[in-house]
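For reference, the structure is listed below as structure tokens.
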Amino acid sequence: MARFVNYLLVPIQTAKFAASGGEYGVITNVYAYVAILIVLLTFGMETTFFRFMNKEDENRKLIYSTTLRMVGTVALVSTVLVLMFCKPIASMVGYADHPEYVGVMYATVAIDAFSCILFDYLRCEHKPLKFAFLKIATIVVNILLNVVYFFVLPALHINPFGMYGDNWHFDVAWVFYINIFCSTACLLFLHKELRGITGGFDWKSCRNMLTYAWPILVMGLAGQLNQCASQILFPYFYDGTPAEARAQLGIYGACIKIAMIMMMITQAFRFAYEPFVFSKTRDADNKETYAQTMKYYVVFTLLAFLVVMAYINLLRYIIGPSYWEGLRVVPIVMAAEIMFGVFFNLSFWYKLTDRTIWGAYFSGIGVVVLFAIDIIFIPRFSYMACAWAGFVAYGVSMILSYLIGQRYYPVRYPVRQIMAYVLLAVVLFVAMHFSSKWLPVWGAVLLNTLLLLVFAAYIVKRDMPLASLPVVGKYFKR
């Protein structure tokens, strides 16, 4: 729910920032850095915190305080250093005229990284209501303040602090100011949990936790680079002026938000599937269960893919019209996310056999492939190179994990059945693409809906026979 609500920022910001202005390109680029920095500043301590808090021989109060002090110290010291050298850092990342972008957003990331441990403590203490309320409230307030800034104040001709200048110009810096305000307010509401920092510091626990955390940091960083590296590399390798690079990156950043529907589905699946897998390890039919789960994951993500493609002429209104030229990246990025989900499914062979180093290898190889494609092809193909870089990177990681996994932990996945679904989805996608291109909107929607029903009918006939369904099944047995 929180991720869906946060999605509302896309139409708000793209409606007011034209693609040609490049402001949304700045947002895309800066938040790509944010995603990498949050991994670095938490340095694997979220997972580590859960591991050590659930050890029988550990002092939970001392572990909590030690973790808070470790993450808090790194966040505070690094923030001070960034603020001291804000101008040269801003110049290095392409914002020499706007060092406030760097300072404000790094401080925001530091606050969020520290807050992560406080939120993890809420999860450990089984306080889901406060956890959910603060997460959702922070996002809702962020959206409301964006609405106030972009719509309400200009409509009322109110210009506090001269935030619009003399020409009523929208400044992207205020998007970042709103963000740091929301993060700070959220931290203040966690003041009760913050008292845990007084529990002391244990050097032995610190060393043990760091030993446990560093492989997680490597894997997390590699995984996040696969998600965000293209948005960071793009301004450096685009063959054009910085203003043109920001404009093109903004188009790419806005359009992949539509494709992020698939990321939401994949992440929801990940939350549910991980505990399920570990709970099945002692069952005799566990490998058969993994194989069937893989098939149904692919089937239903392909269905989601086709739904988006069927109604792309309607979904495009999520973003401003000036960004529509980049919609061609949507199917590529969505397909890449499906492969990432397959890679996640396959990853359990090395988790269950305690060979987690392979996860770092596969992710690292994917990062190398992504960097190579971006560096070589961005100058020629612009943001299309970014889309294909992610597609190929995830594809390579997926294939390597499957091939090597079959050696150490063989699972008889129904490859032929899965490929039949993939082939049908590709054929239907091509038909949808041309119908959306050649027919009027209403005609394309009608035809694409029929094509969707073809895919749904194949699912029912092949893997969900109506006669086997509860309640309604009895009517089909007659």
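Here are a few things to note about the model shown:
- Any hit, the stretch 95-102, residues being of a type outside the set (G, A, S), in contact with a Ser or Thr (Cβ under 9 Å, 6 or more places away or on another chain) and under 17 Å from V39 (Cα atoms): no
- Members of the stretch 302-329 that are of a type in the set (K, R) and either buried (at least 23 other Cβ atoms within 10 Å of the Cβ) or in contact with a helix residue (DSSP H, G or I) (Cβ under 7 Å, 6 or more places away or on another chain) (or both): R316
- Count - residues of the stretch 63-100 that are among the small types (G, A, S) and not in a helix (DSSP H, G or I): 2
- Residue check for T301: in a helix (DSSP H, G or I), modelled with pLDDT of 90 or more and of a type in the set (S, T, N, Q): yes
- Qualifying residue in the stretch 413-436 (condition: at pLDDT below 95, part of a loop (DSSP other than H, G, I, E, B) and hydroxyl-bearing (S, T, Y)): yes
For (1) of a type in the set (A, V, I, L, M); (2) at pLDDT 90 or above; (3) in contact with a strand residue (DSSP E or B) (Cβ under 9 Å, 6 or more places away or on another chain); (4) part of a helix (DSSP H, G or I), each residue gets a yes or a no:
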{"residue": "L118", "(1), (2), (3), (4)": "yes, yes, no, yes"}
{"residue": "G165", "(1), (2), (3), (4)": "no, no, no, no"}
{"residue": "F176", "(1), (2), (3), (4)": "no, yes, no, yes"}
{"residue": "W214", "(1), (2), (3), (4)": "no, no, no, yes"}
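- Scanning the stretch 43-61 turns up no residue that is among the acidic types (D, E), in contact (Cβ under 8 Å) with a residue 24 or more places away in the chain and over 27 Å from L190 (Cα atoms).
- The condition (being under 23 Å from V30 (Cβ atoms) and in contact (Cβ under 8 Å) with a residue 40 or more places away in the chain) is satisfied by just one residue among Y177, Y212: Y177.
- Sole residue being modelled with pLDDT of 75 or more and of a type outside the set (G, A, S), chosen from K257, K351, K280: K257
- Test for C228: is it in contact (Cβ under 8 Å) with a residue 60 or more places away in the chain and surrounded by fewer than 17 Cβ atoms within 10 Å (Cβ to Cβ): no
- Residue match in the stretch 357-366 (condition: hydrophobic (A, V, I, L, M, F, W, C) and buried (at least 22 other Cβ atoms within 10 Å of the Cβ)): yes
- Total residues in the stretch 29-62, condition within 23 Å of M219 (Cα to Cα) and in a helix (DSSP H, G or I): 23
The values are calculated or read from the model by the stated rules, or taken from the named source; none is laboratory data. What you are looking at is a predicted structure, and each value in this text was computed from that prediction instead of being measured. Don't worry about glycine lacking a Cβ; one is built from the backbone with ideal geometry, like all the others, and counts go over all protein chains shown.
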